[in-house]
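Just passing along the structure, written as structure tokens.
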């Protein structure tokens, strides 16, 4: 029997739509910078380089995200996830689930703890170090937050030009706030040191890693953190010695890192929150009718999931439809292995079967 | 890599040795399944066939599964894997394993820590019968009477792989359809395992029943 063997053909990627999304994202951020800094009144022109890099990087991340969503599987999860999330009757439960998943996966990162304690500590230090640093620097760079002197030692913070509470410049809280970037730098350096130590010692990591993808992000983060600490050291203890040079180096490393965000390892920062949608999808899928393997009759996955998967596989150009009307993805993984074994066993060896006594003989 | 199921005696040395691989320490990525336990002792060793166009990688929503320059399809990148398990259910060979608590998929990466240094993968280095062999095509093939084939046909889909299956016949591909493997008495096989094969179920095959590691 002749079967037309179908070859896989890749899905074409469109760049027009993502480019537009990228440009719009950059334009929106630019508008927010102008509005948030009250027509650039509170914008610090010394930070112009950082702002331009942030605007370009934001557009690039949006572009990359839009390209990523074009993958058939990603598109399916994205659409189905939104559809499930906004089901009217389940909305409250979905919001609760999403909050729980965000707390366990994104905040506590329990899944990384299961992968390894040191890995968790490493990731915890780097992630929270970067989040604290980003939360302090971006609003300052964009002019969304600025401080004004009030009285002799009081600082009043302004958010988008609106006054907040006054902070005494000499108390402990102010000291912690003003040194927030120093604390975050120490956290990032410690986390990156653990990561690099593992990458230099672990045989599995050594085999799989590449310098550009696995070392560069850590080295960039260390460069940012060390140069940032040098700025503090220069102003506190060395009377501003080489301050402008270090500031330039710091700016260069930050800009390089921002431009590195859409590529490689760092893209997981924007990609990872999708796990909230995936977990919701699987939870709802478990509540729906389950797919039963036609061969062993066991339930192995949600029917909605398998149906979506078959569509994705089809969109990718694969055709796993069988003679009996089923698709290979209808079968559980174990049965797939066994039917391949049985097919092998049914191959003729000269005049006899490879394995005598296979049940398929009796057919 | 060359797999000859005729030579497999079901000793599961490969399963044990696989756990020693540094890229997935402590977890075995090989399956040794009885193909029809009530009728034959024959077993089928399954490890990743490293497809030239890997379905697992293409159905991954996170683009986490990469093929390296040697054509080896790697485990999911740890920062990216979302534990969606699309790869587990899409793979035509039933190979990828997952762990929900770790949010992670892992699979055979041909012991890349070893093969990248010129060593044999763990499974091939311990297999006592040569059912799993690793070497150059020119070295292995002249030693065997079986025919190396790296193509499967699943329904309408032709799948080419980096790993070869040694066939006892002159076929150019293995057709996993149309030879009664999906139908007939085998339908009740797994249903009956609970009673017929309880001893082997509990002692040996538990890990093969689920793709969770």
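Every number here is computed from the coordinates shown, using simple stated rules; none is lab data. Since this is a predicted model, take the numbers as computed values, not measurements. Neighbour counts are summed over all protein chains in view; Cβ atoms, including those assigned to glycine, are modelled from backbone coordinates with ideal geometry.
Name the residue, out of A:196, A:222, A:206, whose mean-square fluctuation peaks in a Gaussian network model built on chain A with Cα pairs under 10 Å.
Between A:196, A:222, A:206, it is A:206 that shows the largest mean-square fluctuation.
If you don't mind, there's one more thing I want to ask. The stretch B:153-174 to the stretch A:33-66: how many Å between their Cα centroids?
Between the Cα centre of the stretch B:153-174 and that of the stretch A:33-66, the gap is 55 Å.
Considering every pair of different Cα atoms, what Kirkwood radius, in Å, is found for the stretch B:1-62? Could you put the intermediate results ahead of the total?
Values: mean 1/r = 0.0740 Å⁻¹.
13.5 Å is the Kirkwood radius here.
How shielded is A:273-282 by partner chains, expressed as the average number of their Cβ atoms within 10 Å of its Cβ atoms? It would help to have the intermediate numbers written out before the result.
Details: counts 1, 5, 6, 1, 3, 8, 5, 0, 2, 5.
Neighbouring Cβ atoms belonging to other protein chains average 4 per residue here.
Can you pull the mean other chain C-beta count within 10 Å for peptide A:71-83?
What the average comes to for A:71-83 is 3.
Calculate the all-directions average of the projected area of the stretch A:34-85's alpha-carbon convex hull, and give it in nm².
Numbers: hull surface 20.7 nm².
In nm², the orientation-averaged hull projection of the stretch A:34-85 is 5.2.
List the pair-distance distribution P(r) of the protein assembly as shown, using every Cα-Cα distance, as the percent of pairs falling in each 10 Å bin from 0 up to the bin containing the longest distance, rounded to whole percents.
3, 15, 23, 23, 15, 10, 6, 3, 1, 0, 0
Same structure, new question: To the nearest Å, what is the center-to-center distance of the stretch A:105-184 and the stretch A:198-238, using C-alpha atoms only?
The stretch A:105-184 and the stretch A:198-238 have Cα centres separated by 21 Å.
Compactness ratio of the stretch B:52-107: Cα Rg over 2.2 N^0.38 Å, N = residue count?
This ratio for the stretch B:52-107 stands at 1.00.
How would you rank B:97, B:25, A:89, going from fewest to most other Cβ atoms within 10 Å of each one's own Cβ?
By the 10 Å Cβ count, ascending, the order reads A:89, B:25, B:97.
While we're looking at this one, here's another question. Residues of B:69-77, mean number of Cβ from any other protein chain within 10 Å of their own Cβ, rounded to a whole number?
Mean partner shielding for this stretch: 1.
Could you work out how much longer the chain between residue A:270 and residue A:39 gets when fully extended? Use 0.36 nm per residue separation minus the Cα distance between them, nm to one decimal.
Details: separation 231, 0.36 × 231 = 83.16 nm, distance 2.93 nm.
Result: 80.2 nm gained on full extension.
Tell me, A:344, B:27, A:241, A:50 in order of fewest to most beta-carbon neighbours within 10 Å?
Placing the least packed residue first, the sequence is A:241, B:27, A:50, A:344.
Quote the convex hull volume per residue of the stretch B:55-180, based on C-alpha atoms, as a whole number of Å³.
Normalising the Cα hull of the stretch B:55-180 by residue number yields 147 Å³.
What share of all Cα pairs of the stretch A:90-272, in percent, falls into each consecutive 10 Å distance bin?
The percentages, shortest bin first, are 8, 27, 32, 22, 9, 1, 0.
Put one equal scatterer on each alpha carbon of the stretch A:134-231, apply the Debye formula with no solvent term, and list log10 I(q)/I(0) at q = 0.11, 0.12, 0.17 1/Å to two decimals.
The computed values of log10 I(q)/I(0) come out as -0.50, -0.56, -0.84.
Take B:2, A:215 and order them by how many other Cβ atoms sit within 10 Å, fewest up front.
Details: B:2 23, A:215 17.
Ascending Cβ contact count within 10 Å gives the list A:215, B:2.
Under 20 Å from a point placed 7 Å out from the Cα of residue A:24 along the Cα-to-Cβ direction: which residues of the stretch A:45-68 have their backbone N that close?
Output list for this probe position: A:55-68.
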